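Peer 1: The structure that follows is given in the form of structure tokens.
What follows draws every value from the coordinates through simple rules; no lab data is involved. All values reported here derive from a predicted model rather than from experimental measurement. Using ideal geometry, Cβ is built from the backbone for each residue, glycine included, and neighbour counts are taken over all protein chains shown.
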Amino acid sequence: MLPDEKRTIDFFTEDALPAPRTTVAEAELIAAEHLDITARAQALGSQQDANFLLYADDGAPAAVLKIANPAFGTVETEAQDAAADLIASACPDLRIATVLRRPDGSPRRATVDTENGPAAARLLRHLPGGTLSGPRHLSPGTVAGMGTIAGKFSAALRDFRHPGLDRVLQWDPRHADRVVAKLAGHIDEPDRRTAVRTATAEAWARVQELAAALPLQAVHLDLTDDNLIRRPDGRPPMPDGVIDFGDVTTSWAVGELAVSLSSMLHHDGIEPHHVLPAVRAFHAVRPLSSEETEVVWPLVVLRAAVLVASGRHQAAVDEDNLYAKAALDREWRIFEQATSLPLPVMIRLVMDATGMADVPARTARAGAPVRPLLRDLAAADITVLDLSPDADSLDHGAWTDAGSEARLVASAFADGAAAVATRYAQARLTRTPALSAVSTPTVPTGIDLWLGRDAVVQAPAAGKVLTAAPGHVELAYGTQTLSLSFPRAVRPVVTAGATVQAGEDITHLGPGAPVHVALRDADGPAAPRLVRPEYAAGWLALTADPAPLLGLPADSDRTCDGDLLDRRGAAFATVQEHYYANPPRIERGWRHHLLSTDGRSYLDIVNNVTPLGHAHPRVEQAVSRQLRRLNTNSRFHYASVVEFTERLAALLPDPLDTVFLVNSGSEAVDLGLRLAIGASGRPDVVALREAYHGWTYASDAVSTSLQDNPNALATRPSWVHTVDSPNSYRGRHRGPEAVRYAPEAVALIDELAAAGRPAGAFIGETFYGNAGGVALPDGYLAQVYAAIRRHGGLAVADEVQVGYGRLGHWFWGFEQQQVVPDIVCV
């Protein structure tokens, strides 16, 4: 038997691992007598250890006292401390909870007595900022940050060796099947117990297929939201600290990522696809092999199963452990999310995330059929519907009509079609709700077919009938399964288990009969008819386009959104950036909705182009009518340019009565400033900070938004003078204090005049558009306009983003402020 200092845990020889029952008073005594620190202790939660936050006399956190479970040997805690020191050295950008040391350099570590036996107690560095735990939403950036840390740990620990790593932990994924077998009996609900056992068996089988190819190394194995610490000033929360090295061991390297992914799945709004940024981030730091990529999600499922079984077991054997009991609901939530999609789907999505989608995989491919699926029906007689966001037939909001598909089918039959078919994998706008908090299933995994006459469905190749029931037939041939669904009143003419030859009758259908045709891997899961776009890549990898079975070409002409972004990047100036880091591809707008090519409808609350919404019928008709008649410039003499300028001038208050037409908002601001400077004879201009006014020389000079130009303040010309952005929501003066902005701006204008440089113009948006749709403080423009005019300057109103009816009640933003500018730019 090994001496205690060399002993390591074997979970399967332990009946239970209750956390040490240590009181706050006992913790304070241990800290004082064994670790040379006098402090006030506060108990922290732990699954199997006892943790306390120690406070100094001034109330500041001083350290964390960690009392390990007595089942863990000294060599194991030494390995944990050594791993923490290694990471701290290898990753100086991360904060690590290393063991604190005495003046002589020795670790503040001691063996103390607990009611369960001797245990290792040590002082660890306290990391301020708080963990990522709790239900809070995790942004894509936060998720990616978690993946980056896991990747850095994996890379840094690759060559770490220590005898304390040779342990058998219940959290080691290499033992997941045995852990679930041992502990699943503590799951009281029969349905949940069965679900955990079933999921474990399937995931374990997938992992074992590739286990021999998975590299082993030292792993932290607990880089979860409970142990990742946020930067104190991080908005959104970004992790940069790591605590709790208690699960350090030797295991599959890829388990580091799987453990981290699983911990994300209980957070508000998080689904499996939301964790993929962490996969990409991990892979960027520590590249995954193809074998590791294929086991990532099975390991997530195994981790979830172990959490559920272990949590129920811990709550039973350690009844006073409120920490363990509080985790039960979130552990089940993790399991539900981990198993919410078939393993093959998530495996494929992970492969896509790492760029390994082209690695050979057992995915369905539609080979050329020996016989067409429908006898005596020529492809030329089939009309293929376009139900995508690009379809002209869905203009004018037709996609919102619940009967739009039936209308288009009827129209095709009226035009002489013998059959009507939809397209495989093409997102259907007709299945898109106008308003939905989450995406809905819009991407088809098969083809819908409507028949205009009697038809015989025949076997496209020799195969075996798997299912034959009213309204449904499944036929296996080659490596594929053909699934046919039709009205339940129709019975197939084949029987389950029968062997059929190419061209043999399967069923007979009458006019108007709808048929759903789908192809999938023979050993793959049956796919829903429509899937959500976030998961479409996973499902489509397991299916194939049935179009060749009908004599139609496979749909291979779908532009990849990523390719389109690359083309934009090659041709577009990069300073013309996107609103979003991962922009959806928007190809249609309707009223206040923006519609992406994957069939998602977004509420448009950011677009500053369309005062009347998208595709307004009267606007479209007016533009179309004018383009049919004349498309020229204002130097020619024609009625519409006169009518337009008269109408625009009439919408402005006196004495504004003259319109100067230009081509853009930037030109409007540039010209407005030139007019103001020319009329006043003074070159200096006062502008608001954080503003954006345009690209031209003058409009850019008064644009001080660091978001649009990080060097805006440093490159501002001397004739531009700025005042605080009067933002009552997030500015220097907020709420009732916002009344201070106007006197401060007036003071600057007066100071310029007193110094002999009176400003020729003041320019500002009359209602914050660029800064977030916030009204200026009441009376702000009245005071500032009066000051600029008092010294001979002019008031220039930038209405490009906020005027022209965009505010609804007020046609112009300056009306909300009850002022009249000298020049309006729109």
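Peer 1: Order 731-738, 405-412, 264-271 from most to least packed using the mean count of other Cβ atoms within 10 Å.
Peer 2: Packing proxy ranking, top to bottom: 264-271, 405-412, 731-738.
Peer 1: What order do you get for 369-381, 451-463, 422-434 when each peptide is scored by the mean count of other beta carbon atoms within 10 Å, highest first?
Peer 2: Going by the mean number of other Cβ atoms within 10 Å, highest first, we get 422-434, 451-463, 369-381.
Peer 1: Indicate, rounded to the nearest 5 percent, the antiparallel portion of the DSSP beta bridges found entirely in the chain.
Peer 2: Bridges in the chain are about 80 percent antiparallel.
Peer 1: Amide H of Arg732 versus every other amide H placed in the peptide plane: which residues, excluding those fewer than 5 positions away on the same chain, fall under 5 Å?
Peer 2: Asn727
Peer 1: In region 532-594, which trypsin sites (Lys or Arg not before Pro) fall in coil by DSSP and have 16 or fewer other Cβ atoms within 10 Å?
Peer 2: Within region 532-594, the qualifying trypsin sites (Lys or Arg not before Pro) (loop, at most 16 other Cβ atoms within 10 Å) are Arg558, Arg585.
Peer 1: Calculate, in whole percent, how much of the Cα-Cα pair population of region 598-746 lies beyond 22 Å.
Peer 2: For region 598-746, the fraction of Cα-Cα distances above 22 Å is 62 percent.
Peer 1: Which of the residue pairs Lys66/Lys152; Lys6/Lys325; Lys152/Lys325; Lys152/Lys182 have a Cα-Cα distance greater than 27 Å in the structure shown?
Peer 2: Lys6/Lys325; Lys152/Lys325; Lys152/Lys182
Peer 1: Follow-up question, since we're still on this one. Considering amide H positions built from the backbone, and no H for Pro or chain starts, which residues 5 or more places from Ala761, or on another chain, come under 5 Å of its amide H?
Peer 2: Amide H neighbours of Ala761: Val686, Leu794.
Peer 1: Can you classify region 718-800 as rounded, prolate or oblate using the Cα gyration tensor, where a ≥ b ≥ c are the square roots of its eigenvalues, rounded means a/c under 1.5, and otherwise it's prolate if a/b beats b/c and oblate if not?
Peer 2: Here region 718-800 falls in the prolate category.
Peer 1: Can you work out ³J(HN,Hα) from phi for every residue in region 99-105, in order, using Karplus 6.51 cos²θ - 1.76 cosθ + 1.60 and θ = phi - 60°, giving whole Hz and x for Gly and Pro?
Peer 2: With coefficients 6.51, -1.76 and 1.60, one gets 6, 6, 10, 7, x, 7, x Hz.
Peer 1: Post the alpha-carbon centroid distance, region 650-725 to region 69-131, in whole angstrom.
Peer 2: If we compute the Cα centre of each part, the gap is 60 Å.
Peer 1: Report the net charge of residues surrounding Gly141, where surrounding means a beta-carbon distance below 13 angstrom and charges are Lys +1, Arg +1, Asp -1, Glu -1.
Peer 2: +3
Peer 1: May I pose another question? If one puts a single equal scatterer on every Cα of region 201-275 and applies the Debye formula without solvent, what log₁₀ I(q)/I(0) results at q = 0.13, 0.14, 0.26, 0.27 Å⁻¹?
Peer 2: Results for region 201-275 at q = 0.13, 0.14, 0.26, 0.27 Å⁻¹ read -0.50, -0.58, -1.24, -1.25.
Peer 1: I'd like the per residue volume of the convex hull spanned by the Cα atoms of region 154-219, given in cubic angstrom.
Peer 2: 103 Å³
Peer 1: If you plug each phi of region 430-444 into the Karplus form 6.51 cos²θ - 1.76 cosθ + 1.60 with θ = phi - 60°, what whole-Hz ³J(HN,Hα) values come out, in order, with x for Gly and Pro?
Peer 2: Once θ is set to phi - 60°, the couplings for region 430-444 become 5, 9, 9, x, 5, 10, 7, 5, 10, 5, 10, x, 10, 9, x Hz.
Peer 1: So how far, in whole Å, is the C-alpha centre of region 5-25 from the one of region 538-609?
Peer 2: Centre-to-centre distance over Cα atoms comes out at 54 Å.
Peer 1: For the chain, what's the relative contact order in percent, using C-alpha pairs closer than 8 Å and at least 6 residues apart?
Peer 2: Contact order relative to length: 8 percent.
Peer 1: Tally Lys and Arg at +1 and Asp and Glu at -1 over the other residues with C-beta under 9 Å from the C-beta of Leu210: what net charge comes out?
Peer 2: Net charge around Leu210: -3.
Peer 1: Let me ask you something else. State, to one decimal in nm², a quarter of the convex hull surface area for the C-alpha atoms of region 662-825, i.e. the direction-averaged projected area.
Peer 2: 8.7 nm²
Peer 1: Using per-residue counts of other Cβ atoms within 10 Å, averaged over each peptide, order 179-188, 502-511 from highest down.
Peer 2: 179-188, 502-511
Peer 1: Further question on the same structure: Can you match log10 I(q)/I(0) by the Debye sum over Cα atoms at q = 0.06, 0.07, 0.09 Å⁻¹ to one of these, (1) -0.46, -0.62, -0.98; (2) -0.59, -0.77, -1.06; (3) -0.39, -0.54, -0.92, based on a calculation from the structure here?
Peer 2: Comparing each candidate, only (2) matches the computed number.
Peer 1: At each listed q (0.14 Å⁻¹), what is the log10 of I(q)/I(0) that the Debye formula gives for region 379-439 modelled as equal alpha-carbon point scatterers?
Peer 2: Log10 I(q)/I(0), no solvent term: -0.41.
Peer 1: I need the calculated FRET efficiency for the pair Asp561 and Arg40, taking r as the beta carbon distance and R₀ as 45 Å, to the nearest 0.05.
Peer 2: It comes out at approximately 0.20.
Peer 1: Let me ask you something else. Evaluate E = 1/(1 + (r/R0)^6) for Ala434 and Arg407, where r is the Cβ-Cβ distance and R0 equals 22 Å; express this FRET efficiency to the nearest 0.05.
Peer 2: The computed FRET efficiency comes out at 0.75.
Peer 1: Grab the other residues whose beta carbon is less than 13 angstrom from that of Gly234, score K and R as +1, D and E as -1, and report the net.
Peer 2: +3
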